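Take a look at the structure set out below.
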Amino acid sequence: MTPSESVERPLILPMLRGDLSAVCRIADAAFPVPWRRSDFERELVRAWAVIRVLRPRSGAPVAAFVHYWWVSGEVQIMNVATDPALRRRGHARALLDDVMN
């Protein structure tokens, strides 16, 4: 495989305040009753809440996110969603693998 043929791994990073619009857009498209922006904003400051976003490559927009609570050594998945235009590419699986690790 040549360098130009190499496949770039997706980036999975903590959600930043600047990612809120993308996360809300994905949630709106994915869920019949999505969380509001203010709900996600509250989660950003909760010690037990974790929101991670996936970008398919460096510099790409957010394609998916996972939101979970880490309480007493247990994980509770609250949301996991992928932009409908970018589904079936393994993004949700990569996010869930990240949670398990």
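The values are calculated or read from the model by the stated rules, or taken from the named source; none is laboratory data. As the structure is a computational prediction, the values presented were derived from the model and not from experiment. Cβ atoms come from the backbone with ideal geometry, glycine included; neighbour counts cover every protein chain shown. All accessible areas refer to the heavy atoms of the entire protein, side chains included, with ligands and DNA or RNA removed. Shrake-Rupley method; radii C 1.70, N 1.55, O 1.52, S 1.80 Å.
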- Ser58: closer than 17 Å to Gly18 by Cβ and open to solvent by less than 80 Å² (accessible area, probe 1.4 Å), yes or no? no
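Those residues that are part of a helix (DSSP H, G or I) and out of contact with any Asp or Glu (no Cβ under 9 Å at 6 or more places or on another chain), I need them from segment 49-101; list them, please.
Looking only at segment 49-101, we keep the residues that are part of a helix (DSSP H, G or I), and these are 84-86, 91-100.
Answer for segment 49-101, where residues must be part of a helix (DSSP H, G or I) and out of contact with any Asp or Glu (no Cβ under 9 Å at 6 or more places or on another chain): Pro84, Ala85, Leu86, Ala92, Arg93, Ala94, Leu95, Leu96, Asp97, Asp98, Val99, Met100.
Looking at Trp70, Trp48, which is the one that is farther than 20 Å from Ala94 by Cα, open to solvent by 50 Å² or more (accessible area, probe 1.4 Å) and in contact with a strand residue (DSSP E or B) (Cβ under 7 Å, 6 or more places away or on another chain)? Even if it seems obvious, please write down each step before you answer.
Values: Trp70 fails: farther than 20 Å from Ala94 by Cα.
None of the others qualify; the one that does is Trp48.
Go through segment 61-74 and report how many residues are within 15 Å of Arg87 (Cα to Cα) and of a type in the set (A, V, I, L, M, F, W, C).
Applying the first criterion (within 15 Å of Arg87 (Cα to Cα)) to segment 61-74 yields 61-66.
Filter again for of a type in the set (A, V, I, L, M, F, W, C), leaving 62-66.
Total meeting the criteria: 5.
Would a scan of segment 78-85 turn up a residue that is without any contact (Cβ under 8 Å) to a residue 40 or more places away in the chain and touching a Ser or Thr at 6+ places or on another chain (Cβ under 9 Å)?
Step one: of segment 78-85, the residues without any contact (Cβ under 8 Å) to a residue 40 or more places away in the chain are 78, 80, 85.
Filter once more, so that each one left must be touching a Ser or Thr at 6+ places or on another chain (Cβ under 9 Å): none.
For segment 78-85, residues without any contact (Cβ under 8 Å) to a residue 40 or more places away in the chain and touching a Ser or Thr at 6+ places or on another chain (Cβ under 9 Å): absent.
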- Item | Residues that are of a type in the set (A, V, I, L, M), open to solvent by 30 Å² or more (accessible area, probe 1.4 Å) and more than 16 Å from Tyr68 (Cα to Cα), drawn from segment 20-45 | Ala29, Ala30, Val33
- Is there any pair with a first residue in segment 50-66 that is among the basic types (Lys, Arg) and a second that is at pLDDT below 95 and open to solvent by 10 Å² or more (accessible area, probe 1.4 Å) whose Cβ atoms are under 6 Å apart and which are 6 or more apart or on different chains, and what are they? Arg57/Glu8
